[in-house]
Amino acid sequence: MVLRVLPCLLLALLSASANATPITTVPEAAIRQAIALRDQALKDEKAYAVLESLTTEIGPRLAGGVNDQKARDWAVAKFRALGYDKVWTEPVTFPKWVRRSESAALTAPYAQQLAVTALGYSPATPKGGITAPLVLFDSLDALKAAKSEDVKNKIVFVSTRMHAHQDGHEYGTGSRIRSRGPAIAAQLGAAAFVLRSAGTDSQRLPHTGMTQWEPEGRRIPAAAVSNPDADLMEAALRRGQPVLMKLQLDCGLEGDYTGANVIAEIRGSEKPDEIVILGGHLDSWDLGTGAIDDGAGVAISMAAGALIGDLPQPPRRTIRVVAFANEEAGLHGGKAYAAAHKHEVAQHVLGAEADMGGDRIWRLNASVKPEALPAIDAMMQVLAPLGVSRGSERANGGPDLSPMHAEGMAALSLSNDATRYFDYHHTADDTLDKIDPQQLAQVVAVYVSWAYMAAAADGDFGSAPGMFKTAGEN
Ligand SMILES: [Zn+2]
């Protein structure tokens with residue numbers, strides 16, 4: 001009796017476990033619809049029009065600055081004009097940093113003006129500026145290994161040249177020098193910190209960006225010089241005499257500010273509580289008009305959602321688009337979103353933020369459960385003709401959705417061609433003319449295709465609390 005029951009039990013258990021992990025697929029009709037949306041997006045000019053509107057009517061969008069509220073009002077109105085069903089905001093609070101003025105020069109042995117910009121969260125110099133000898137390091141590791149007596153009361157200058165690549169991988173090194181270098185120099189007793197801009201251009205335009213401090217640690221004025229000015233400083237230092245630099249920054253913290261994530265939805269017809277999420281960040285640095293970083297991402301995701309919303313039949317699942325607040329100074333919008341929505345991580349079926357400019361997408365990485373890979377294959381079928389190739393399983397959904405991925409949301413990372421992105425990134429040259437409308441349309445075609453298919457898929461992508469523990473890459 002017992003012997004006869006056991007095989008039956010075993011079979012029942014096996015079929016139960018098979019039912020618990022069904023294969024995720026995309027119905028044929030949905031693939032055909034995605035192809036039609038893809039081809040329509042390639043001819044559509046909505047994203048460019050949205051970006052032209054944002055950069056012309058609002059312009060620079062430093063988080064907490066004069067344009068913060070204006071940009072949110074613009075986003076609410078734009079979502080409504082594009083036909084989204086529901087638009088709302090969720091508050092995001094962060095320390096407000098302001099930039100007033102900045103200048104720098106070499107004063108000895110040669111007098112030369114330098115193109116400089118303060119880093120986000122830098123304190124001001126004393127009135128009249130700081131004049132001190134420069135001490136050069138060629139890497140963050142070299143600075144870490146420095147002795148305090150070699151650095152004390154000097155201006156630390158870290159100079160690592162960044163080269164252009166399709167995947168932009170050298171930005172990791174450059175941004176680490178910018179974010180970590182000032183705190184390390186401060187701890188060693190430096191008077192101030194400057195770095196060679198984390199950028200691949202040879203324009204006389206410095207690249208700003210945020211820096212990070214230890215909560216109770218010492219803070220020193222921190223800035224970036226343009227690449228040609230870094231060359232000049234190195235040449236002066238090669239002559240072996242002390243080189244004096246004068247740095248004058250008027251900037252700093254001004255209490256807390258409450259902005260907001262602006263969120264909009266195209267409601268799903270069959271499973272409205274299941275969400276496919278995309279977005280970009282609405283804030284930008286203040287030097288340019290934030291066209292590539294990240295007006296492009298806002299425009300791409302708004303346009304992709306609107307194309308789906310314009311279909312005669314609503315999508316099965318809800319398409320949610322988020323224009324995130326203050327990504328630049330510490331991922332504040334993305335963290336606030338995850339804090340407010342982590343309890344519904346399982347309903348966030350799949351997500352990706354667009355935050356690497358408007359040039360064409362060349363790779364798709366997917367961090368999903370293994371049973372959902374057939375649905376990713378179906379997406380690739382639609383995306384391959386656009387020149388997109390399948391990458392790895394390392395994905396985090398982009399900066400502002402990485403906190404949701406860390407909570408367990410399945411995510412894609414879509415790589416834009418970053419070859420020229422870091423020429424303009426975080427500079428005064430981040431303006432609309434750097435956007436190629438045809439490449440921008442390709443990116444919208446990619447986003448509308450995957451988002452529509454994720455909303456139409458039979459089965460899920462594995463989102464569940466604690467599902468994706470390993471850190472992905474963007
Ligand atoms: Zn960005």
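The values are calculated or read from the model by the stated rules, or taken from the named source; none is laboratory data. Fair warning: this is a prediction, and the values are worked out from it, not measured in the lab. Note: ideal-geometry Cβ built from the backbone for every residue, glycine included; neighbour counts use all protein chains shown.
Please work out if A375 is surrounded by fewer than 24 Cβ atoms within 10 Å (Cβ to Cβ), assigned by TED's automatic domain parsing to the domain that holds L62 and outside any strand (DSSP E or B). Answer is no for this residue. Within the range 333-356, residues that are in contact (Cβ under 8 Å) with a residue 40 or more places away in the chain and acidic (D, E) have Cβ atoms under 6 Å from residues that are within 16 Å of the ligand (Cβ to nearest atom) and in a helix (DSSP H, G or I) in these pairs: E353/D400; E353/L401; D355/D294; D355/G297; D355/P399, counting only partners at least 6 apart in sequence or on another chain. Would you check if there is a residue in the range 336-345 being within 16 Å of the ligand (Cβ to nearest atom) and not acidic (D, E)? Scanning the range 336-345, I find at least one residue that is within 16 Å of the ligand (Cβ to nearest atom) and not acidic (D, E), so the answer is yes.
With respect to A395, determine if the residue is surrounded by 18 or more Cβ atoms within 10 Å (Cβ to Cβ) and among the small types (G, A, S). Answer is yes for this residue.
Residues checked against (1) modelled with pLDDT under 95; (2) basic (K, R); (3) not assigned by TED's automatic domain parsing to the domain that holds D377:
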{"site": "L13", "(1), (2), (3)": "yes, no, yes"}
{"site": "D39", "(1), (2), (3)": "no, no, no"}
{"site": "R72", "(1), (2), (3)": "no, yes, no"}
{"site": "E90", "(1), (2), (3)": "no, no, yes"}
{"site": "V116", "(1), (2), (3)": "no, no, yes"}
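Please verify whether the range 246-262 includes one or more residues that are more than 16 Å from the ligand (Cβ to nearest atom), without any contact (Cβ under 8 Å) to a residue 60 or more places away in the chain, in the same structural domain as I130 (by TED's automatic domain parsing) and not in a helix (DSSP H, G or I). For the range 246-262, residues more than 16 Å from the ligand (Cβ to nearest atom), without any contact (Cβ under 8 Å) to a residue 60 or more places away in the chain, in the same structural domain as I130 (by TED's automatic domain parsing) and not in a helix (DSSP H, G or I): absent. Report whether or not W362 is over 18 Å from Y452 (Cβ atoms), within 16 Å of the ligand (Cβ to nearest atom) and aromatic (F, W, Y). So W362 fails the test.
Note on the range 348-359: residues that are more than 16 Å from the ligand (Cβ to nearest atom) and over 27 Å from R267 (Cβ atoms) total 0. Applying the set (1) within 16 Å of the ligand (Cβ to nearest atom); (2) touching a strand residue (DSSP E or B) at 6+ places or on another chain (Cβ under 6 Å) to D229 leaves exactly one unmet item: (1). If you go through the range 244-262 and keep only what is of a type in the set (A, V, I, L, M) and surrounded by fewer than 24 Cβ atoms within 10 Å (Cβ to Cβ), you end up with L244, L253, A260. Remark: Q241 falls outside the filter, which requires a residue to be touching an Asp or Glu at 6+ places or on another chain (Cβ under 8 Å) and more than 16 Å from the ligand (Cβ to nearest atom). Does the range 142-158 include one or more residues that are in contact with an Asp or Glu (Cβ under 8 Å, 6 or more places away or on another chain) and surrounded by 16 or more Cβ atoms within 10 Å (Cβ to Cβ)? Yes; the residues of the range 142-158 include at least one that is in contact with an Asp or Glu (Cβ under 8 Å, 6 or more places away or on another chain) and surrounded by 16 or more Cβ atoms within 10 Å (Cβ to Cβ). If I ask for residues that are within 14 Å of N396 (Cβ to Cβ), aliphatic (A, V, I, L, M) and crowded, with 23+ Cβ neighbours inside 10 Å, which ones from the range 320-360 would you list? Scanning the range 320-360 gives L350, A352, A354, M356.
Could you tell me which of the residues S202, S122 is surrounded by 20 or more Cβ atoms within 10 Å (Cβ to Cβ) and either assigned to a loop (DSSP other than H, G, I, E, B) or touching a strand residue (DSSP E or B) at 6+ places or on another chain (Cβ under 7 Å) (or both)? Checking each option against the conditions leaves just S122. For P312, the stated conditions do not hold, so it cannot be described as assigned to a helix (DSSP H, G or I), assigned by TED's automatic domain parsing to the domain that holds R38 and farther than 30 Å from S175 by Cα. Here W285 fulfils each of the conditions (1) within 16 Å of the ligand (Cβ to nearest atom); (2) out of contact with any Asp or Glu (no Cβ under 7 Å at 6 or more places or on another chain); (3) not aliphatic (A, V, I, L, M) apart from (2). The conditions of being under 28 Å from R390 (Cα atoms), away from the ligand (no atom under 16 Å from the Cβ), in contact (Cβ under 8 Å) with a residue 24 or more places away in the chain and in contact with a Ser or Thr (Cβ under 7 Å, 6 or more places away or on another chain) are not met by E265. For the residues P109, P182, P133, the requirement of being within 30 Å of Y257 (Cβ to Cβ) and either surrounded by fewer than 16 Cβ atoms within 10 Å (Cβ to Cβ) or not assigned by TED's automatic domain parsing to the domain that holds I361 (or both) singles out P182.
Candidates in the range 305-319 are the residues that are among the small types (G, A, S) and crowded, with 24+ Cβ neighbours inside 10 Å; of these, the one that is nearest to the ligand (Cβ to nearest atom) is G305.
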